[in-house]
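K.L.:
Handing you a structure now.
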Amino acid sequence: MLRSLYSGISGMKNFQTKLDVIGNNIANVNTYGFKKSRTTFADLVNQQISGASAATQTQAGTNPQQIGLGSKINSIDTIHTSGSTQTTSRTLDVALAGDGFIPVATINDISKINIDQGNQVGNNLIIGAIDGAVDMNYTRSGNLYLDDRGYLVTAEGMLVVGEAGQKTVPTAQAITKSQNALNGIGNFTTPFGNMTTSLEDISKQANDLMNVYQEYSDAQSNYNKNEAPTTNGPLYNVMVSSYNALTSVLGQFNTAATGFNTVATGFRTSVNAPNLNGAVTTFNNAQPTGAIVKEFTTIVNSIAGTYPTAGPGQGNVVPNNTLTQMNDLISTLNNYMVDLEKIGQGVVNFESLASDLQDPKFSNKLSGDAGLIQIPLDAQSFSIGPDGTVTFVNKKGELNLAGQIRVAMFANPGGLEKLGGNLFKQTANSGSIDKNNNGIQLNELNIAGQDGAASIIAGALEMSNVDLSEEFTEMIVAQRGFQSNTKIITTSDEILQELMGLKR
């Protein structure tokens, strides 16, 4: 009786474990990259009543007589069949089509990896063996993200490990050279702004003066033709009025011209000042030419003082060349404005070049070394290819490589240990990525789509491989198995009660 009681207890415990596994599977039916588990049983020890005997000349052999003492958990297997692929159209979502895992890690030795830290820029390469610098884990969940530095990471902040892109870090000398040039441009900002304002003002004054000269010339012409030498007629009064307007506007123009000459002189001085010209020369390694240091070779030394201050009357006619001079002046001022705009564009272009010297540079090649995958935050767009290659378009519109996601392959994926968070870890029975016992090297991580490794589907995620119909069926089996084992216990208990009742 006692044997059946304990057999029933073991069965109940095992089916409870099976229900726990089923419950976990169902709980993760919508977990991306989740791999379901199953429970298998094995019989426990057997009590031998009699052993087997061999046949003799007169009698046949007999089989052993054994009574089983219950069951045990034989294994809890992780089933690594692929789940269905769900399209998300999100650029940073990736699904693995086939065998393998995405290697992800946390840093355990910052001295062995050149990563961006604060103001320090790194080339993202791992020095030496990969597992000497980082703590490696593996996942099938491909919902990836960019951190605040542009590194490709998982939802829990683990860094994606693969082949780094070719990244050039600016030298201290380049940064100093760039900063000096930018400082020179900064000192040039105020003179440039003053020049722009003054040129706009003097151009407006010149156009106003041209208009009143034209009005005065027309009034003189009408007076001389139709009313001269009368000095009290309407045309005479119009001429006097236009002359007074001319006198007023001419005074304003002379004041603006004086201010313009002063500002233009200061602007020309700032263009040739050592803090600008010298910085640009150092940056270019040659005497600078082009718009940034272009001088106004035709700067007006004295705009005013060459035009008549004609009074009213028949003899005070505006000379014909006065209007011509005004037209020439306005044309010259317009040319100044065009030149100034060219200088401004040159300054903007130069600032971009100087600033760019301080930024790290990616190329259209991979580094050939293990490291992290980083996409610059100012990238215009990026994409992930079937072989795991991560490309991006930089701020200049050039196509660069950020790196390549590699795929980790194991001889026995079922031997991996689940860590939670959709992560797996290598164990003694999973097989090792490190084939030469010299640490994990880049060539021991497979290129996606090659040598049996999974290819990468961008804009999609791998769904859980849990089959609800199968799980519910197994749940029914576990429930009935549990109930059957309880019946063994209650039946054994009733028989024991009957035995106890033999003695009253």
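Rule-based calculations on the coordinates, nothing more; no lab input. Please read all numbers here as calculations on a predicted model, not as lab measurements. So basically every Cβ, Gly included, is an ideal-geometry build from the backbone, and we count neighbours across all protein chains shown.
K.L.:
Shape call for segment 408-466 from the C-alpha gyration tensor, a ≥ b ≥ c root eigenvalues: rounded (a/c under 1.5), prolate (a/b greater than b/c) or oblate?
P.N.:
Note, shape of segment 408-466 comes out oblate.
K.L.:
Further question: Can you return the lysines within cross-link range of LYS204? Criterion is Cα-Cα under 25 Å, with same-chain partners fewer than 8 residues away left out.
P.N.:
The reachable lysines, counting only those whose Cα sits under 25 Å from LYS204, are LYS294, LYS342.
K.L.:
With unit charges on the beta carbons (Lys and Arg positive, Asp and Glu negative) and the dipole taken about the Cα centre of the chain, which residue among LEU246, ALA27, ILE384 sits farthest to the positive side?
P.N.:
ALA27
K.L.:
Starting from the Cα gyration tensor of segment 327-431, take the square roots of the eigenvalues, sort them a ≥ b ≥ c, and report rounded, prolate or oblate (rounded when a/c is under 1.5, otherwise prolate if a/b is larger than b/c, else oblate).
P.N.:
It comes out prolate by the Cα gyration axes.
K.L.:
Quick one: net charge of GLY132's neighbours, Cβ under 9 Å, K/R +1, D/E -1?
P.N.:
Taking every Cβ under 9 Å from that of GLY132, the sum is -1.
K.L.:
Then there's this: Given the C-alpha atoms of the chain, compute the convex hull and give its volume per residue in Å³.
P.N.:
Dividing the Cα hull volume of the chain by its residues yields 287 Å³.
K.L.:
How do 488-495, 96-103 rank on mean C-beta neighbours within 10 Å, highest first?
P.N.:
Highest mean packing first, the order is 96-103, 488-495.
K.L.:
Estimate the FRET efficiency between ASP20 and THR171 by the formula 1/(1 + (r/R0)^6), using the beta-carbon distance for r and 51 Å for R0, to the nearest 0.05.
P.N.:
0.30
K.L.:
Beta carbons within 10 angstrom, averaged per residue: use that to sort the peptides 454-462, 149-157, 71-79, highest first.
P.N.:
454-462, 149-157, 71-79
K.L.:
Next question, about the same structure. Please rank ASP378, ASP359, fewest neighbouring Cβ atoms within 10 Å first, as an exposure proxy.
P.N.:
Starting with the residue having the fewest Cβ neighbours, the order is ASP378, ASP359.
K.L.:
Search the structure for amide H atoms under 5 Å from the amide H of GLY122, placed 1.01 Å from N in the peptide plane, and list their residues when 5 or more places away or on another chain.
P.N.:
Amide H neighbours of GLY122, under 5 Å, 5+ apart: ASP116, GLN117.
K.L.:
Let me ask something additional. Kindly put TYR145, TYR138 in sequence by how many other C-beta atoms sit within 10 Å of each C-beta, fewest to most.
P.N.:
TYR145, TYR138
K.L.:
Determine the alpha carbon to alpha carbon distance for each of LYS361/LYS395; LYS167/LYS425; LYS365/LYS396; LYS35/LYS72 and list only those over 19 Å.
P.N.:
Flagged as over cut-off: LYS167/LYS425; LYS35/LYS72.
K.L.:
If you look at just the Cα atoms of segment 381-504, how large are its Rg and its Dmax in Å?
P.N.:
In order Rg, Dmax, the Cα atoms of segment 381-504 give 27.4, 101 Å.
K.L.:
To the nearest whole percent, what portion of all C-alpha pairs in segment 112-191 is separated by more than 18 angstrom?
P.N.:
For segment 112-191, the share of Cα pairs beyond 18 Å comes to 59 percent.
K.L.:
Sum -39500 (n - 2.57) across every DSSP H segment of at least 4 residues in the chain, then divide by the residue count to get the 222 nm mean residue ellipticity, nearest 500.
P.N.:
Value at 222 nm, helices only, nearest 500: -14000 deg cm²/dmol.
K.L.:
Right, next: Would you please classify the overall shape of segment 127-253 from the alpha carbon gyration tensor, given that a ≥ b ≥ c denote the square roots of the eigenvalues, rounded means a/c under 1.5, and beyond that prolate means a/b larger than b/c while oblate covers the rest?
P.N.:
prolate
K.L.:
Let me ask another. For a footprinting-style exposure proxy, rank ARG140, ARG90 by other Cβ within 10 Å, fewest first.
P.N.:
Least to most surrounded, the residues fall as ARG90, ARG140.
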